[in-house]
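> Before I ask anything, let me first share the structure, which is written out below as structure tokens.
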Amino acid sequence: FKLWYDYETKVKILNQDGTDHANVSVYLYHEKGQNQVRDVISKLEAYAYNMENGKVVKTKMDKSYVFEERISDNVKQVKFTIPAVKAGTVIEYRYRITSDFIYNLSDWEIQQNIPVDYAAYEMEVPEYYRFSFDLKGYEKINVDETATNKRLNIKFKGGQSETLDCTCRKLTFISQNVPALKGDSYIWCLDDFRSQASFEIHGVQYPH
């Protein structure tokens, strides 16, 4: 099994100070060596939308605006800059991360340093995982849970593959109208107050 994360973000740039949000960094765990475990980014695309002469002009980010560098033995950084961004621009970007770390689920931080109009996190957990989540912070996070059927394609090292039908635990977390989280001189660890959801895999029983 692998983890698949699909990210999609839209931001309205209200003033010139907000143009820094067009500079995005994504950190990937990536061990050196032939048999390394790693995170892999794919399907990266980004756009800027501007109103010019009464019409919406869409500018697509070229690959030349994407850079990758290794910042330690186990961590890589992918940076990209969305072009044609100014006050009034709406930026949009999306990407997928495929991860070998099935026991290390990323936390979902709904609260940022700017207001968040709408935030949603949807996940499907196969029945083989013992799984829990925890909500933290002042802002309300609505949770909906259902069961869904899923057909998985299992690939083996020898090149063979099989299909596997299973039940998944489908969870949806939604928050709306979340205010910005601002620092304070009397708060030394701002993340202690950030509204977020954290997830944990306690174990897995693989199918036979």
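> GluC sites (Glu not before Pro) within region 100-198: which are DSSP loop residues with at most 16 other Cβ atoms inside 10 Å?
Those satisfying the criteria are 127.
> Counting only protein heavy atoms, what percent of the accessible surface of the chain is carbon or sulfur at a 1.4 Å probe?
Using a 1.4 Å probe with all protein chains present, the chain comes out at 47 percent carbon and sulfur.
> Pick out, in residue order, every one of the trypsin sites (Lys or Arg not before Pro) in region 1-79 that is DSSP loop and has at most 16 other C-beta atoms within 10 Å; say none if there are none.
In loop regions of region 1-79 (DSSP not H, G, I, E or B), the sparsely surrounded trypsin sites (Lys or Arg not before Pro) are 2, 32.
> Please list, by residue number, everything in region 143-176 whose backbone N is under 20 Å from a paramagnetic label point 7 Å out along Cα→Cβ of residue 128.
Zone members listed by number: 147-171.
> Could you state the accessible area per residue of region 132-208 in Å², with a 1.4 Å probe and every protein chain left in place?
Solvent-accessible surface per residue comes out at 74 Å².
> Just to be sure I understand, if you calculate percent of Cα pairs over 31 Å apart for this structure, which of (i) 25; (ii) 18; (iii) 31 do you get?
Computed from the coordinates, percent of Cα pairs over 31 Å apart corresponds to (iii).
> Also, quick follow-up: Take the Cα radius of gyration of region 1-81 and divide it by 2.2 N^0.38 Å, with N its residue count; two decimals is plenty.
Output field value: 1.38.
> Report, in debye and to the nearest 20, how large the dipole of region 79-152 comes out about its Cα centre when Lys and Arg carry +1 and Asp and Glu carry -1 on their Cβ.
Computed about the Cα centre, the dipole is about 320 debye.
> So, one more: Tell me which chymotrypsin sites (Phe, Trp or Tyr not before Pro) from region 105-198 have a DSSP coil assignment and no more than 11 other beta carbons within 10 Å of their own.
Answer by residue number: 138, 156, 186, 188.
> Rounded to the nearest Å, what's the spacing between the alpha carbon centres of region 137-208 and region 13-72? Just the number, please.
What the calculation gives is 23 Å, centre to centre.
The values are calculated or read from the model by the stated rules, or taken from the named source; none is laboratory data. None of the values given here were measured: they were computed from a predicted structure. Note: ideal-geometry Cβ built from the backbone for every residue, glycine included; neighbour counts use all protein chains shown. The protein model used for the area step is the full one, side chains on, heavy atoms only, and it has no ligands, DNA or RNA in it. Shrake-Rupley method; radii C 1.70, N 1.55, O 1.52, S 1.80 Å.
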